[in-house]
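Input: a single structure, listed below in structure tokens.
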Ligand SMILES: [Zn+2]
């Protein structure tokens, strides 16, 4: 079988297909053979935790039977509440139902539960091939502060395996209070980001003031911002317009990400293009979240909706905005399924977004896009000398890789992830 034969710890040379768009070798790439799906057959040599050599496989040689990808980046998760569906289900599947179940569960949340959920999430993410994860953390009041302490520990413990970025998720008005300012100071200490929710009903004047407070706190503390914004089918783009208005007024010195931007897709093409251009001008990145959006939004008991709110990925990419796709919720009141598997997410998103991994921009949504958005050191493209931080998939083309669930082997800096390496790397 593939796993034993090709990925035992001794193997330092193997043949694999690699997406053309993820090779940044200095050698002339045009001499490479390339499949119709944009895959290139390469001989990869590893050593000392890095890629030592990359060679083209000649057309008279046997073709590889595996696919090599960089470990993935998850730009939007909620691992503090993952796996709570069992005790806090949201059977109606509405946004309001999710919020109510979430708030009820939050009142009873213990630090021990938060740790268990995070550990389970990170274990799954590691084995499925994720190298970095940005998670939002419910952060208001005492329970939120305790969660940040737990995540401070977890981030350190997992540093060698998964890079974590934490975002303080609170109602946006929280940042105008003294408790909010104290939280911002704690978040800054732990190198986190400030988050928040902008959703209907939108009260223009109040929202502008809240955004002003948030931007100045972020500037003062040097924290990036990642907002849940316009996760709705109502008043399309209303939150985004206010955000852009404030960006025109205030110089924001830190990176800003808009997560969701779902209702933007319901705006007519011309005004949509203007908004996309303004997002690009202000260097705002976007995380699209197809699974939760398709599950929660535009619900009607008597009608299967055909117009679905979701960040308009292609229009944003055409305007020059960095876009990534995230998994969002996993088995919690907001979404009953999911398992931190980037290949499953890619497979499901393909039919929702019409973004295919054999197109450079389609693949970037899961690789270079989230790496840029999270400002990671490595952009996820392979070249000689880069870290051997990769996954091998038992598939010889994208179609096989998108079929569920392909077996895979994960390598972190030259070491295959097995139970033993996992324990030694983690500690
Ligand atoms: Zn979210």
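Couple of notes before you dig in:
- Residue match in segment 108-124 (condition: in the same structural domain as residue 329 (by TED's automatic domain parsing), closer than 17 Å to residue 333 by Cβ and surrounded by fewer than 16 Cβ atoms within 10 Å (Cβ to Cβ)): yes
- Yes/no for residue 91 being closer than 28 Å to residue 311 by Cα, surrounded by fewer than 20 Cβ atoms within 10 Å (Cβ to Cβ), free of Cβ contacts under 8 Å to residues at least 40 places away in the same chain and away from the ligand (no atom under 16 Å from the Cβ): yes
- Residue within segment 344-360 that is within 22 Å of residue 297 (Cα to Cα), within 16 Å of the ligand (Cβ to nearest atom), touching a residue at least 12 places away in the same chain (Cβ under 8 Å) and not assigned by TED's automatic domain parsing to the domain that holds residue 35 present: yes
- Given (1) away from the ligand (no atom under 16 Å from the Cβ); (2) under 30 Å from residue 148 (Cα atoms); (3) surrounded by 14 or more Cβ atoms within 10 Å (Cβ to Cβ), index of the condition residue 78 fails: (1)
- Condition met for residue 316 (touching a strand residue (DSSP E or B) at 6+ places or on another chain (Cβ under 7 Å), without any contact (Cβ under 8 Å) to a residue 60 or more places away in the chain and in a helix (DSSP H, G or I)): yes
- Qualifying residue in segment 351-363 (condition: in contact with a strand residue (DSSP E or B) (Cβ under 8 Å, 6 or more places away or on another chain), assigned to a helix (DSSP H, G or I) and buried (at least 18 other Cβ atoms within 10 Å of the Cβ)): yes
- Within segment 220-303, helices (runs of 4 or more DSSP H) holding 1 or more residues that are in the same structural domain as residue 321 (by TED's automatic domain parsing) and more than 16 Å from the ligand (Cβ to nearest atom): 238-249, 269-281
- Among the conditions (1) touching a helix residue (DSSP H, G or I) at 6+ places or on another chain (Cβ under 7 Å); (2) outside the structural domain of residue 48 (by TED's automatic domain parsing); (3) surrounded by fewer than 20 Cβ atoms within 10 Å (Cβ to Cβ); (4) closer than 30 Å to residue 91 by Cα, residue 335 misses just one, which is (3).
- Considering (1) closer than 24 Å to residue 256 by Cβ; (2) in contact with a helix residue (DSSP H, G or I) (Cβ under 7 Å, 6 or more places away or on another chain), the lone condition that residue 134 does not fulfil carries the number (2).
- Any hit, segment 183-202, residues being part of a strand (DSSP E or B), within 16 Å of the ligand (Cβ to nearest atom) and more than 23 Å from residue 312 (Cβ to Cβ): yes
- Restricting attention to segment 101-135, the residues being assigned to a loop (DSSP other than H, G, I, E, B) and at negative phi number 2.
- Residue 98 in a helix (DSSP H, G or I), more than 19 Å from residue 296 (Cβ to Cβ) and either outside the structural domain of residue 149 (by TED's automatic domain parsing) or within 16 Å of the ligand (Cβ to nearest atom) (or both): no
- Any hit, segment 262-278, residues being surrounded by fewer than 19 Cβ atoms within 10 Å (Cβ to Cβ) and under 17 Å from residue 372 (Cα atoms): no
The values are calculated or read from the model by the stated rules, or taken from the named source; none is laboratory data. Since the model is a prediction, treat every value here as computed from it, not as a measurement. Cβ sites come from the backbone with ideal geometry, for glycine too, and all protein chains shown count toward neighbours.
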